[in-house]
Amino acid sequence: MSTLDATRAELALIVLYLNKAEARDKICRAIQYGSKFLSDGQPGTAQNVDKSTSLARKVFRLFKFVNDLHGLISPVPQGTPVPLVLLGSKNALLSTFLFLDQIVWLGRSGIYKNKERVEL
């Protein structure tokens, strides 16, 4: 295998990885937390990157609550122990959080104008 073929194969893997919204969210998270660390709470470019990346990450979570909702309403196999069934309530909490987080993002981005509901 030539060097060019190896490079093409590696680039193909990177492209497959970057085509997933979850992967892009993880990259944005690394940028956000790295800039938060660099800024050390002081105003400047790093803090601006932290704030804008935080808002950008919300886009990757749009409608992610549907996945957890689907897991919540999926039937439990017969004979599943009760503690494992109760762990499914995590899906309900996570789904609720992600749904409400989208309302907050809509308010902060200016799409949703009702400030009372966004604050609530």
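The values are calculated or read from the model by the stated rules, or taken from the named source; none is laboratory data. Just so we're clear, the structure is a prediction, and the values are computed from it rather than from any experiment. Ideal geometry is used to build each Cβ from the backbone, glycine not excepted, and the neighbour counts take in all protein chains shown. Accessible surface areas use protein heavy atoms only, side chains included; no ligands, DNA or RNA. Shrake-Rupley method; radii C 1.70, N 1.55, O 1.52, S 1.80 Å.
Being at pLDDT 80 or above and of a type outside the set (Val, Ile, Thr) is the requirement here; does Phe65 meet it? For Phe65, the condition - at pLDDT 80 or above and of a type outside the set (Val, Ile, Thr) - is not met. Could you check how many residues of segment 1-41 are exposed (fewer than 10 other Cβ atoms within 10 Å of the Cβ), in a helix (DSSP H, G or I) and of a type in the set (Ser, Thr, Tyr)? Of the residues in segment 1-41, 1 are exposed (fewer than 10 other Cβ atoms within 10 Å of the Cβ), in a helix (DSSP H, G or I) and of a type in the set (Ser, Thr, Tyr). Screening Gly44 with (1) modelled with pLDDT under 75; (2) more than 26 Å from Asn19 (Cα to Cα); (3) open to solvent by less than 40 Å² (accessible area, probe 1.4 Å) gives one miss only, at (1).
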